[in-house]
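What follows is a single structure, written as structure tokens, with notes after it.
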Amino acid sequence: MPVDPLQYTPKITLEFKIGEKDFYMAGESASRTKRTLQQLGLNQEVIKRVAIIIYEAAMNVTIHATKGVLKILIDPNEIDVITEDEGPGIPDIDLAMQEGYSTAPYEVREMGFGAGMGLPNIKQNSDELHIETKVGVGTTVKAKVYLKEGGFTSA
Amino acid sequence: MKLLDVKNILNAKVLFGEHLLNTEVKRVFASDLISEMLINVTPGTLLITSLTNAHVIHTAQVMDASGVVFVGGKTPDQEVIKNGSMSNIPLFSTEYLIFDCCGLLFQSGLKGNKKDKH
Ligand SMILES: Nc1ncnc2c1ncn2[C@@H]1O[C@H](COP(=O)(O)OP(=O)(O)OP(=O)(O)O)[C@@H](O)[C@H]1O
Ligand SMILES: [Mg+2]
């Protein structure tokens, strides 16, 4: 058996429940995950990308869906950020992926959201992005960040 | 430039972080959109905004901003200020509006953040 060169237990899962109108959950989970990743010694760039993905994906659940769960799977080779929600689903993913497209209501625009930049931002910061959605049922977003060379050396 | 200089230039009130005024400000980014902040705030960036909710603090914390300036005399709720203090993010309030804030800081030598696409 090859010895795992990394000095932490592989496969850590963080899980956060996102309730309806739970507006601050996204920021709190991004900020808590950032701390965990810092403790694990990941480099700043990776932490920043993961935090952005978490913030945007969880915020989308809060704003556009009814409720859901956010999972962060940390593995020696990659980090997965997954949101699964119950909600309206996304009728046209290509349209939703366009910068500037947003159906966010006024109350969340007032809070600083609804620029239509969340999904493009997630795409920009992930190495793989998979979105599964069913209109009237819900949406699952899976974003992967690879931890290749240097993912673990503090920058 | 240090936060202390920013405070003086903007004639700002320190809501939190009197002890952190020696912190270096590298760049400035002004926006009222969280997604834009997540893209453009790099470590050491001073964030200027007219939003006063907890998202600004979370974003500043996650992106390692050097501080947040609330414009137009706006002050966040006590709860939000507490949030900032727990995250150790210096918070300021100035009477100037965004344009004047940016103009004054630019004039003093600070530059904006380039769109830093990863
Ligand atoms: N989980 C989701 N459930 C249902 N619809 C979604 C979901 N996520 C995104 N959408 C749809 O895709 C659109 C674009 O999403 P995106 O995150 O890019 O922008 P936004 O959330 O509207 O604004 P921003 O993210 O800039 O605050 C949303 O306005 C919404 O119509
Ligand atoms: Mg969004």
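Here is a list: A:Gly114, A:Gly27. Which entry is buried (at least 17 other Cβ atoms within 10 Å of the Cβ) and part of a loop (DSSP other than H, G, I, E, B)?
Result: A:Gly114 is the single residue among A:Gly114, A:Gly27 that is buried (at least 17 other Cβ atoms within 10 Å of the Cβ) and part of a loop (DSSP other than H, G, I, E, B).
Quick one: which residue in B:Val41, B:Val69, B:Val56, B:Val62 is within 16 Å of B:Cys102 (Cα to Cα) and within 10 Å of chain A (Cβ to nearest Cβ)?
Sole residue among the options that is within 16 Å of B:Cys102 (Cα to Cα) and within 10 Å of chain A (Cβ to nearest Cβ): B:Val41.
Does the stretch A:31-46 hold any residues that are assigned to a helix (DSSP H, G or I) and touching a strand residue (DSSP E or B) at 6+ places or on another chain (Cβ under 8 Å), and which are they?
Once the filter is applied, which keeps residues that are assigned to a helix (DSSP H, G or I) and touching a strand residue (DSSP E or B) at 6+ places or on another chain (Cβ under 8 Å), the stretch A:31-46 yields A:Arg32, A:Thr33, A:Thr36, A:Leu37, A:Val46.
Would you mind telling me which numbered condition in (1) more than 16 Å from ligand 2 (Cβ to nearest atom); (2) within 14 Å of another protein chain (Cβ to nearest Cβ) A:Lys71 fails?
Against the list (1) more than 16 Å from ligand 2 (Cβ to nearest atom); (2) within 14 Å of another protein chain (Cβ to nearest Cβ), A:Lys71 comes up short only on (2).
For the stretch A:67-98, how many residues meet the condition of being free of Cβ contacts under 8 Å to residues at least 60 places away in the same chain, assigned to a loop (DSSP other than H, G, I, E, B) and among the acidic types (Asp, Glu)?
Total satisfying the criteria: 1.
Name the single residue that is farthest from ligand 1 (Cβ to nearest atom) among those in the stretch B:12-44 being of a type in the set (Ser, Thr, Tyr) and more than 14 Å from A:Lys48 (Cα to Cα).
B:Thr23
Pairs only if they're at least six apart or on different chains, beta carbon under 9 angstrom, first in the stretch A:30-56 and within 7 Å of chain B (Cβ to nearest Cβ) and polar (S, T, N, Q), second in a helix (DSSP H, G or I) and within 16 Å of ligand 2 (Cβ to nearest atom); list them, first residue then second.
A:Ser31/A:Ala51; A:Ser31/A:Tyr55; A:Ser31/B:His58; A:Ser31/B:Val62
Residues in the stretch A:5-22: is at least one part of a loop (DSSP other than H, G, I, E, B) and at pLDDT 95 or above?
Within the stretch A:5-22, not a single residue is part of a loop (DSSP other than H, G, I, E, B) and at pLDDT 95 or above.
The values are calculated or read from the model by the stated rules, or taken from the named source; none is laboratory data. Since the structure is predicted, the reported quantities are computational estimates derived from the model, not experimental observations. Cβ: placed from backbone, ideal geometry, glycine included. Neighbour counts: every protein chain shown.
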